[in-house]
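The values are calculated or read from the model by the stated rules, or taken from the named source; none is laboratory data. Bear in mind that the values here come from a model prediction, so they are computed numbers and not experimental data. Quick reminder, even Gly has a Cβ in these numbers, built from the backbone with ideal geometry, and neighbours come from all protein chains shown.
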């Protein structure tokens, strides 16, 4: 019997490997994995980092990228950048928002309120393309969840056990720090830039960040790497604003389930004890009305 | 046969009054309390209960989600994001529902694998098995339509690819596809009808589950020996024995489920589906959800479209014919050494196909998929019929209780002699 087991196992393994084998070589460099405060089951957002990331979004990204699904009030939400409501309101007031129609039937601009959505930098897709040489910058609301990287077999299985959910911010960080000189012989299409981590390497976005470009008031180094890290964290929050609440509730639920299931296990053992361990005591079992 | 006679005795005056008018209490009693189950069922038998539980979870979360979802091409994506952001605990409902679909399929694959291993499809359980295959088909359709609703890139393109399969049907293919779409491309009418059907089909599933359980209670459960219960010694009452065992394993299942919902909810979701649907931009790589991948690999491995679609349909429907394709008179793989080997290779084949379905259909991957597809069908159409004729099976125990006692009293317990 043992022999059969081993044979079956070997064959099963061979079949699986037959599928997994011949793994194709990966063309672009894999984005290096970064350390994120929101890593793992207990990792939460670092609010100072989200505030810095927001600053970069506001001063750099927002010139071209919209953030359509977020409102200014979200900046004051628990588990977010943790601005006060007054701060969020004053940030809102720095934006001009289209409103209307008014009593005369005219659309008008007014300073943003805390309940407003982030206004887009361009009125519509065509306006964006016209201003940016035909390119359309993606909306950033879900960007950190809409970008990823294939690690291939078997790493994606490992990702479930290490609870790796940060492929998006890793990718964004890699793109922002991946502007290098093109290798000799690489033809960059007009209007494009070379990026080490971008699929196909020819990215439409010009290098957005350079050292010292955005001022930090808390002594954090003003390097491209740090900017990229902060804005990636901010975008992760923008895409997944309930992460903190989810992980906090998750811990309680898991603890409850483990205790509850443990109790069920002992109940089960108790109920089945007579059946398994005292087979001569056939009668005391529940009557079933079973007939041969 | 095994549907125990009702031994329910109403106690109170009201229950006596009700029993003469609507014997619902005795129905519940005979179905879920006194119902006899084999004493040797292992934990693989708990997936039926888990599936019922998951169906309930999906329906409850789905009904609440539908209160906030907007089935319109312009608003669907944002309404789902609105649920995630602005509805109280909307993120929880949505992650439970999306992850729940995956776990529903985990449970159904375990359930099917158990049926195949222990020969649960064999006489007299053919109708029970066929109802199960119908449920599996309904789940596939419901899950697919649900995946379209968030109207992300993968939703849209999966809908386009899958509905286009019908165009392979000769003559009427193209009109059928137009009819399915409600237009000349996947669009608003498609989304609306998928939403309507995604709400309807779960209740059809509930109905067929009712039939499935009814059929189960007519013929009784199979068990790891595949030998029918012969006496009172072979069985235990459903309550408390099966209920407490099921409840415990539902708990174990929920722990794993909760780990996914709370810690890696995006693990099973495609990043492309966080990009709103765009009919003008095809994603670089269209893949269905993981639970369809083996069938997708079969489809893509075959160069001819009509043959590919036929193979895809056959690969699922062939399950319904297992009771007649398998010619062996022994049910359980525990007593069928060769069947056991071939079955494990079959399981590995399905996993291998699943992996290949997730990869680009090029070069070695296509060849590997074709080899595995050949084994997939050979298992049903060649191995199953022939094995029954040539396989030398191991001797069956005379009864369930004998098999339990043969191995000594189960591990950890004193030998019977010590007791006596």
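Could you tell me which residue of segment A:80-113 is farthest from the chain's Cα centre (by Cα), considering only residues that are surrounded by 19 or more Cβ atoms within 10 Å (Cβ to Cβ) and either part of a loop (DSSP other than H, G, I, E, B) or touching a residue at least 40 places away in the same chain (Cβ under 8 Å) (or both)?
A:112
Identify, by number, the condition in (1) in a helix (DSSP H, G or I); (2) surrounded by fewer than 17 Cβ atoms within 10 Å (Cβ to Cβ); (3) touching a strand residue (DSSP E or B) at 6+ places or on another chain (Cβ under 9 Å) that residue A:175 doesn't meet.
Residue A:175 satisfies all of (1) in a helix (DSSP H, G or I); (2) surrounded by fewer than 17 Cβ atoms within 10 Å (Cβ to Cβ); (3) touching a strand residue (DSSP E or B) at 6+ places or on another chain (Cβ under 9 Å) except (2).
Taking segment B:229-245, which residues are at the interface with another protein chain (Cβ under 7 Å from one of its Cβ atoms), farther than 21 Å from residue A:265 by Cα and in a helix (DSSP H, G or I)?
Answer for segment B:229-245, where residues must be at the interface with another protein chain (Cβ under 7 Å from one of its Cβ atoms), farther than 21 Å from residue A:265 by Cα and in a helix (DSSP H, G or I): B:232, B:233.
Taking residue B:31 and the conditions (1) away from chain A (no Cβ under 14 Å); (2) modelled with pLDDT under 95; (3) outside any loop (DSSP other than H, G, I, E, B), which numbered condition does it fall short on, given that it satisfies the others?
(1)
Could you please find all residues in segment A:246-270 being at the interface with another protein chain (Cβ under 7 Å from one of its Cβ atoms) and in contact (Cβ under 8 Å) with a residue 12 or more places away in the chain?
A:247, A:250
May I ask you to verify whether residue B:246 is within 21 Å of the chain's Cα centre (by Cα) and surrounded by 19 or more Cβ atoms within 10 Å (Cβ to Cβ)?
Values: within 21 Å of the chain's Cα centre (by Cα): yes; surrounded by 19 or more Cβ atoms within 10 Å (Cβ to Cβ): yes.
Taking the combined requirement at face value, the residue satisfies it.
Here's the yes/no breakdown for (1) over 23 Å from the mean Cα position of the chain (by Cα); (2) touching a residue at least 40 places away in the same chain (Cβ under 8 Å); (3) surrounded by 20 or more Cβ atoms within 10 Å (Cβ to Cβ):
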residue: B:274; (1), (2), (3): yes, yes, yes
residue: B:295; (1), (2), (3): no, yes, yes
residue: B:301; (1), (2), (3): yes, yes, yes
residue: B:313; (1), (2), (3): no, no, no
residue: B:318; (1), (2), (3): no, yes, no
residue: B:325; (1), (2), (3): no, yes, no
residue: B:368; (1), (2), (3): yes, no, yes
residue: B:372; (1), (2), (3): no, yes, yes
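Restricting to segment A:179-210, give me the number of residues that are in contact (Cβ under 8 Å) with a residue 40 or more places away in the chain and either within 22 Å of the chain's Cα centre (by Cα) or not assigned by TED's automatic domain parsing to the domain that holds residue A:233 (or both).
Selection size over segment A:179-210: 7.
Looking for whichever is more than 14 Å from every other protein chain (Cβ to nearest Cβ), free of Cβ contacts under 8 Å to residues at least 40 places away in the same chain and not in a helix (DSSP H, G or I) here; the options are B:226, B:210, B:183. Which one fits? Can you show your working first?
Values: B:226 fails: free of Cβ contacts under 8 Å to residues at least 40 places away in the same chain; B:210 fails: not in a helix (DSSP H, G or I).
One residue alone meets the criteria, B:183.
Hey, does segment A:119-140 have a residue that's within 19 Å of residue B:355 (Cα to Cα), loosely packed, with under 14 Cβ neighbours inside 10 Å, assigned by TED's automatic domain parsing to the domain that holds residue A:65 and without any contact (Cβ under 8 Å) to a residue 60 or more places away in the chain? Walk me through it before giving the result.
We begin by selecting, within segment A:119-140, every residue within 19 Å of residue B:355 (Cα to Cα); these are none.
Checked segment A:119-140: no residue is within 19 Å of residue B:355 (Cα to Cα), loosely packed, with under 14 Cβ neighbours inside 10 Å, assigned by TED's automatic domain parsing to the domain that holds residue A:65 and without any contact (Cβ under 8 Å) to a residue 60 or more places away in the chain.
Return only the number of the condition from (1) more than 23 Å from residue B:283 (Cα to Cα); (2) without any contact (Cβ under 8 Å) to a residue 12 or more places away in the chain; (3) surrounded by 19 or more Cβ atoms within 10 Å (Cβ to Cβ) that residue B:81 does not satisfy.
Unmet for residue B:81, out of (1) more than 23 Å from residue B:283 (Cα to Cα); (2) without any contact (Cβ under 8 Å) to a residue 12 or more places away in the chain; (3) surrounded by 19 or more Cβ atoms within 10 Å (Cβ to Cβ): (1).
This table checks each residue for (1) in contact (Cβ under 8 Å) with a residue 60 or more places away in the chain; (2) touching a strand residue (DSSP E or B) at 6+ places or on another chain (Cβ under 8 Å); (3) buried (at least 20 other Cβ atoms within 10 Å of the Cβ).
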{"residue": "B:119", "(1), (2), (3)": "yes, no, yes"}
{"residue": "B:122", "(1), (2), (3)": "yes, no, yes"}
{"residue": "B:126", "(1), (2), (3)": "yes, no, no"}
{"residue": "B:130", "(1), (2), (3)": "yes, no, no"}
{"residue": "B:140", "(1), (2), (3)": "yes, no, no"}
{"residue": "B:153", "(1), (2), (3)": "yes, yes, yes"}
{"residue": "B:156", "(1), (2), (3)": "yes, no, yes"}
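Sort out which residues of segment A:271-280 are in a helix (DSSP H, G or I) and within 9 Å of chain B (Cβ to nearest Cβ), and write them in order of number. Let's see the steps before the verdict.
Start the filter on segment A:271-280 by keeping residues that are in a helix (DSSP H, G or I), which leaves A:271-277.
Across segment A:271-280, the qualifying residues are A:271, A:272, A:275, A:276, A:277.
Please determine, by comparing only the residues of segment A:149-167 that are closer than 11 Å to residue B:355 by Cβ and more than 8 Å from chain B (Cβ to nearest Cβ), which one is farthest from the chain's Cα centre (by Cα).
Within segment A:149-167, the first condition is being closer than 11 Å to residue B:355 by Cβ, and the residues that meet it are A:152-154, A:156-157.
Next, only the ones that are more than 8 Å from chain B (Cβ to nearest Cβ) stay: A:152, A:154, A:156-157.
On the way: A:152: 19, A:154: 21, A:156: 16, A:157: 18 Å.
Only one residue tops the list, namely A:154.
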